[in-house]
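What follows is a single structure, written as structure tokens, with notes after it.
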Amino acid sequence: MPVNCAIENALLNILKNKSRNILLGVITFVIITAEVAGMSIYNASGTIVKEFKARFGSEVALTPLKKSAEGITAEQAIAFSESECLLSTDINSSLTCRSDTLKAIGQTEGRSPNIIQGRENYGGDLSNAAMRLRGGQFDKILAEGKLPAILTDVKFWNRSLLARAARPAFRAGNNDPIPSFKVGQYKNECIVSSEFAKLNQLAVGDHISVQAGLFESGTLVETSISLTIVGIYVSAPSAAYPASYQNPNNEIIADFNTVASIQKEGQTGVAVNATYCLKSPELLALFEEEIRSKGLSPDFSVTTDEAGYRRLVGPIENLNSVSLAFLLMLFALGVAVMALVSMLAIRERKYEIGVLRAMGMKKGQVALGLWVETAAVTTVCFALGMLAGGLLSQPISDTLLAASGSIPVSVSISPLTALEIFAVAIVLASIAGFVSVSQITKYEPMKILMERN
Amino acid sequence: MSVLELENVSYAYEGSSKAVFSDVTLSFEAGKAYAIAGKSGSGKSTLLHLLGGLDVATRGRVSYGGESLADMNRNRYRARNAGIIFQGLNLLTNASALENIVLSMRISGMKGPGLKAKALELLARVGISPEKASRKILKLSGGEQQRIAIARALAHNPDLIAADEPTGNLDKDTEYKILKIFEDLAHKEGKCVIIATHSKRVTAIADEIWTVDKGVFRSVPTKRN
């Protein structure tokens, strides 16, 4: 007997057995709708967890345990950053400075003739230092939108950096890619704020000279640094600051090495700030072991802000777990309901199966016919369930995230999700159908008909 | 020449120690009509089920064309070689008369665009009009359903026709017409027709009559003989 006869007969049966198929369809529709909603939320929250982990990592704090603890050197900071455990590193170096030729915004006239004098006059207080020389990673500074506004005048930086920096998207502060920073590329170059440039009548290409205070064997010494201005960024007007060097517009921004290398061996004074982000909080112990072996003093503790990380990622992870549990429960419920309904439907169809077998139809063909019928109903209900589930996913997700105090998540059904749901529906229908059919068709046709009678 | 043979066949229902019949040996030839007569519950239908490949003997051998039914593909046998008319008719009630016939043809492997026409022709032969042929089975009378069951058994042109009380629901005129069909099938078309019946009118067309009582089969003389 040709297989297409069994399939043709099955398709005709869909319309002949309207009531039964509508009942089956409604059940399938409800299950698929719930599956779509559950799976969409599960996938969306899973993606967000991954994105959160990738974006925020887990910040490591290197905290001195005693006041006398020596700071982390620039070499150490760089060595620590070369770890496989890290998602990202942000290193900057800074030191306070003054200038004989430049004025700082908000600088008290006559109060800062000399850092050494100032320190002596004001009991070691360095607040009379006029400016701060900060060495960071230019590309990061720009990419993370740390500058108050766009660069207006960049002469020596490469063109692509200028073009990207000037794009409106960058102005909005998004993470537009910026050419990666290379050590030594910007040696002794700097950028300054427009307010600072205006005050000192500076332009791109000008050379400036600042004096920084460094300690050598407990004595403060001044070191002169010459820099070339390669860019001026538009800055917001300055607010009032207790000390002029605290004003961000007074920061002379150079690259990390320019600032770090001012400090020679045996000197201190350059503050190195490094922020390390782990790929995941679980890597903390491994990272600590690695940086201890690279020379981190026992006077420093190595910790992560796990609570903060959990606060951020936790609600989404919870939603992910809840939706997975919901999916599994639904799957189990779906299997049970579909199995029950199919068994009842096939018991009701025992007579029909008996007749078809008596007419010479093979067991496999009977099963195929019933499967085609169920699959066809399932396919129609799948389409309707996808539609309904898609409409329900977003409000359900919003409610759950609002309850967990997290940000709203955009929920959508990917083709893969749709395929997964369809596979689940077909598997459910097939398992239920085949179990029942195999139970019935193991008998000779006459026994099936007599049992039914 | 024997088409079907039973050699020392016994049958007992599953879970029952009492045999419906034991050690039955019978032989059926092509071109002959056989009547199996006996009281209700004597085992007539069970015998037909064994002959139609719907069930297997507990003991002994039922063979078709020399090959044991127990060893052969009984799906194929039922689809192509045997046409069975059930006492309970066993028609597909959610389908029309025509669909029942066409499906039987297709299960047997018959193909082509002419199946519907052939089915309608067959239905006309048993007295079912094209209008009634398109009706659902449950919208037809008992007599009409019985004639459709007969047409379905003949749909795939089988060598063996096993009929269980095929005229039970028919009026005299229709019974006569149907019996004429059976007679022609045996004598003109060379089929082997085996009919389980209570009716003397049916036994009247038989070439051989077997009575069954308490599981014992006996040959009785026919009017023809």
- Message: Every residue in the range B:59-82 that is within 12 Å of chain A (Cβ to nearest Cβ) and touching a residue at least 40 places away in the same chain (Cβ under 8 Å), please.
- Response: B:79, B:80, B:81, B:82
- Residues being open to solvent by 30 Å² or more (accessible area, probe 1.4 Å), small (Gly, Ala, Ser) and on the phi < 0 side of the Ramachandran plot - total across the range B:165-194: 1
- Message: Can you say whether residue B:51 is closer than 23 Å to residue B:204 by Cα and within 14 Å of chain A (Cβ to nearest Cβ), as far as the supplied structure shows?
- Response: yes
- Only one of (1) out of contact with any Leu (no Cβ under 8 Å at 6 or more places or on another chain); (2) at the interface with another protein chain (Cβ under 9 Å from one of its Cβ atoms); (3) within 22 Å of residue B:197 (Cβ to Cβ) fails for residue B:85. Which number is that? (2)
- Please report, ordered by residue number, the helices (runs of 4 or more DSSP H) entirely within the range A:1-101 with at least 1 residues that are of a type outside the set (D, E, K, R) and more than 14 Å from chain B (Cβ to nearest Cβ). A:18-56, A:74-81
- Residue tally, condition without any contact (Cβ under 8 Å) to a residue 12 or more places away in the chain and either open to solvent by 70 Å² or more (accessible area, probe 1.4 Å) or not assigned by TED's automatic domain parsing to the domain that holds residue A:384 (or both), over the range A:6-25: 6
- Residue by residue through the range B:104-138, note down the ones that are within 18 Å of the chain's Cα centre (by Cα) and within 13 Å of chain A (Cβ to nearest Cβ). B:104, B:105, B:107, B:108
- Mind checking whether some residue in the range A:347-356 is in contact with a helix residue (DSSP H, G or I) (Cβ under 8 Å, 6 or more places away or on another chain) and more than 14 Å from chain B (Cβ to nearest Cβ)? yes
- Message: Anything in the range B:147-168 that is closer than 18 Å to residue B:28 by Cα and hydrophobic (A, V, I, L, M, F, W, C)? List them, or say none.
- Response: B:160, B:161, B:162, B:163
- Message: Considering only residues that are open to solvent by less than 20 Å² (accessible area, probe 1.4 Å) and farther than 15 Å from residue A:30 by Cα, which ones fall in the range A:316-342?
- Response: A:316, A:319, A:323, A:342
- Task: Return yes or no: is residue B:55 farther than 18 Å from residue A:6 by Cα, acidic (Asp, Glu) and crowded, with 17+ Cβ neighbours inside 10 Å?
- Result: yes
- Note on the structure: So, first residue more than 24 Å from residue A:74 (Cβ to Cβ) in the range A:277-295, second residue assigned to a helix (DSSP H, G or I), Cβ within less than 6 Å, six or more apart or across chains; the pairs are A:281/A:306; A:281/A:309
- Among A:423, A:388, the single one that is farther than 20 Å from residue A:11 by Cα, more than 14 Å from chain B (Cβ to nearest Cβ) and open to solvent by 30 Å² or more (accessible area, probe 1.4 Å) is A:423
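Every residue, every condition in (1) in contact with a Ser or Thr (Cβ under 6 Å, 6 or more places away or on another chain); (2) in a loop (DSSP other than H, G, I, E, B); (3) closer than 30 Å to residue B:163 by Cβ, yes or no:
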site: A:320; (1), (2), (3): yes, no, no
site: A:327; (1), (2), (3): no, no, no
site: A:334; (1), (2), (3): no, no, no
site: A:360; (1), (2), (3): no, yes, yes
site: A:377; (1), (2), (3): no, no, no
site: A:381; (1), (2), (3): yes, no, no
site: A:387; (1), (2), (3): no, no, no
- Message: Scan the range A:272-285 and tell me whether some residue there is farther than 30 Å from residue A:430 by Cα, at pLDDT 85 or above and open to solvent by 60 Å² or more (accessible area, probe 1.4 Å).
- Response: yes
- Note on the structure: Checked B:149, B:162 against criteria (open to solvent by less than 10 Å² (accessible area, probe 1.4 Å) and part of a strand (DSSP E or B)); the one match is B:162
- Task: Filter the range B:129-146 down to the residues that are among the aliphatic types (A, V, I, L, M) and more than 16 Å from residue A:358 (Cβ to Cβ), then identify the one that is surrounded by the most Cβ atoms within 10 Å (Cβ to Cβ).
- Result: B:133
- Task: Determine whether the range B:18-28 contains at least one residue that is away from chain A (no Cβ under 14 Å) and outside any strand (DSSP E or B).
- Result: yes
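The values are calculated or read from the model by the stated rules, or taken from the named source; none is laboratory data. Small disclaimer: the values here were computed from a predicted structure and weren't measured. As a convention, Cβ positions derive from the backbone with ideal geometry for all residues, glycine included, and neighbour counts pool all protein chains shown. Surface accessibility is based on the protein's heavy atoms, side chains included, excluding ligands, DNA and RNA. Shrake-Rupley method; radii C 1.70, N 1.55, O 1.52, S 1.80 Å.
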